[in-house]
1. Restricting the search to region 124-139, which residues are buried (at least 20 other Cβ atoms within 10 Å of the Cβ) and either modelled with pLDDT under 90 or not hydroxyl-bearing (Ser, Thr, Tyr) (or both)?
2. Restricting to region 191-213, what's the tally of residues that are open to solvent by 10 Å² or more (accessible area, probe 1.4 Å) and either more than 17 Å from the chain's Cα centre (by Cα) or hydroxyl-bearing (Ser, Thr, Tyr) (or both)?
3. Among what's in region 19-42 and is under 19 Å from LEU235 (Cβ atoms) and under 18 Å from the mean Cα position of the chain (by Cα), pick the residue that is most open to solvent (accessible area, probe 1.4 Å).
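The values are calculated or read from the model by the stated rules, or taken from the named source; none is laboratory data. Just so you know, these numbers come straight off a predicted model, no measurement behind them. Every residue, glycine among them, receives a Cβ derived from its backbone with ideal geometry; neighbour counts consider all protein chains shown. Quick note on the areas: whole protein, heavy atoms, side chains included, nothing else; ligands and nucleic acids left out. Shrake-Rupley method; radii C 1.70, N 1.55, O 1.52, S 1.80 Å.
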Amino acid sequence: MNGKTRILALETADVAGSVALACDGAIIEERALPSEQRSAQSLAPTLRSVIDANGWRASEFDVVAVTIGPGSFTGLRVGVATAKAFAWAVNANIIGVDTLDAIAYEISSRAVFPSAVACASQFVLSVGVDAQRGDSAVRDYYITRDSSGRAERPVRVETRYRVVSNKEWLSRGAQRAETPILFAGPGLRRVKNISALVDVEHVVDAAYWNPSARGVALVAFPRIENRDFDDVWRLAPEYSRLAAAEEKALAREAQARASAPTTSTPSLELRGE
C-alpha cells in the first residue's frame, strides 16, 4: 500500500468481538471486547480506548473494515452500523469482510497446522460458523505453501458459503481424497464429541477457530491495494439464514395462502351480433 493507510478493523460476528488498528499493512494493536458485556455496550468504549491509547485521531483513518456475516444477528447489526457511522463521519472508505474469509486468512498467517497436512504442498481448509439448529455456514479454501513452506493467502473453493448439518460437514474428513482437508471455525464449538465425527489430526487448534479483527484487517489489505471498496450506504449484514421468528412468519403466510379458497374468474364469452 502506498503512503500511510490507517485502518480500523471491527469484528462482532462472534460472541468474542474485537477491534484492531493497522497501518501500512501491519497490525498495530488488537483488543478484545470485554466478555462480560454485549457488543452493543462494549464496542464504542473499546473503540475509543484503543484509538486514544495509540495517539490516533478519528479523522486520520482512511479505511474501516468490518465483518458482515455470517454470524450473530445482533452482533453483525451492531458492528456494521458502527462501521458505517464511523466511516461516514470521518469520510473514510469502508470494506465489508466475510466472516469465513477473516478466519481463513488468520489461520493461514498464524496457525501451526496439524500433522495431517505436514507434508502437503496444498490442502483444503473448511471453515464453519454456527447457523443454529445443528447446522453450520461453511466454505472451503485452498491453501498452498510456497517454496519455503509458508502458507499463502487462502483461495475460495466456492463463492457462496453453504448451510449444512454439522454431521454432513465433518463427515468429509473420513473420505479419502488426494487433497487433505482441515476443519476450523466457531461452528465446531457447537458440535458434541467432535472426535467421534472427525480425526483430531484434521482439526485446526481451537485457538484459531474464532474470527478476529486482525483477520478482518488481513482480508482488507489486498482489497485496499486494489481500491476495492464498498458503498457505505449499501453495505449490510449477510445472514446465513432468516431468524427463527422470520422463518415461522413466512411459513404461516405460505400455509395461509395454500389453505385460502381459490376464486375463479368467470370467462367472458363474446357473442357476435
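1. LEU125, VAL127, GLY128, VAL129, ASP130, ALA131, ASP135, ALA137, VAL138, ARG139
2. Count: 15.
3. So, considering only residues that are under 19 Å from LEU235 (Cβ atoms) and under 18 Å from the mean Cα position of the chain (by Cα), the one most open to solvent (accessible area, probe 1.4 Å) is SER39.
Yes or no, residue by residue, for (1) outside any loop (DSSP other than H, G, I, E, B); (2) open to solvent by less than 30 Å² (accessible area, probe 1.4 Å):
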residue: THR144; (1), (2): yes, no
residue: GLY149; (1), (2): no, no
residue: THR159; (1), (2): no, no
residue: GLY187; (1), (2): yes, yes
residue: PHE221; (1), (2): yes, yes
residue: TYR239; (1), (2): no, no
